[in-house]
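Data first, discussion second: the structure below is written as structure tokens.
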């Protein structure tokens, strides 16, 4: 799915369901971080008009998702917990060698964002398909579609800034790294845990 090389097992969904407050808190903050990432790209590449347009849309949508998750928590008498580090994203961001070339740095950043969105999409699918709670199942199925669109947007943008063969080579290497990383995960109630 989405070019990922590792599929989440349904056992992760059981762990997530068992600690719903934790998974929703983690999810809410991931949406906020995704919005912040889009805003940061705008700030750092403000001369790239089409990129700014796309990142503006994503930032707004991600904050809307944050609000939706938070409202869902409030409806269920849950309180938004404390933000937790996303070691998954940190490890992905360290995959590429740092560069002073702004275009290459942008491509790498877009690829990491695309992969985070792809994995979120895949996790939302697993969660929605293994959820007896009809409201949550529908909620995550709808978000899955949005994440897939974000994944496509980031990957398409990356391919627009550098030769597609080079971008695809970087993408394939990143996806392989992520698959190895995911084999060690799936035991905690976190979207990327």
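The values are calculated or read from the model by the stated rules, or taken from the named source; none is laboratory data. Keep in mind that what you see is a predicted model, and the values were worked out from it rather than measured. All Cβ positions, glycine included, derive from the backbone under ideal geometry; neighbour counts span all protein chains shown.
Worth pointing out:
- Check on residue 39, at pLDDT 95 or above, more than 27 Å from residue 12 (Cβ to Cβ), part of a helix (DSSP H, G or I) and in contact with a helix residue (DSSP H, G or I) (Cβ under 7 Å, 6 or more places away or on another chain): yes
- If the condition is being within 23 Å of residue 178 (Cβ to Cβ) and more than 16 Å from the chain's Cα centre (by Cα), then the stretch 6-28 contributes 9, 10, 11, 12, 13, 14, 15, 16, 22.
- Subset tally (residues that are under 22 Å from residue 186 (Cβ atoms) and part of a loop (DSSP other than H, G, I, E, B)) for the stretch 84-98: 5
- Residue within the stretch 64-78 that is touching a helix residue (DSSP H, G or I) at 6+ places or on another chain (Cβ under 7 Å), closer than 18 Å to residue 114 by Cβ, in a helix (DSSP H, G or I) and modelled with pLDDT of 95 or more present: yes
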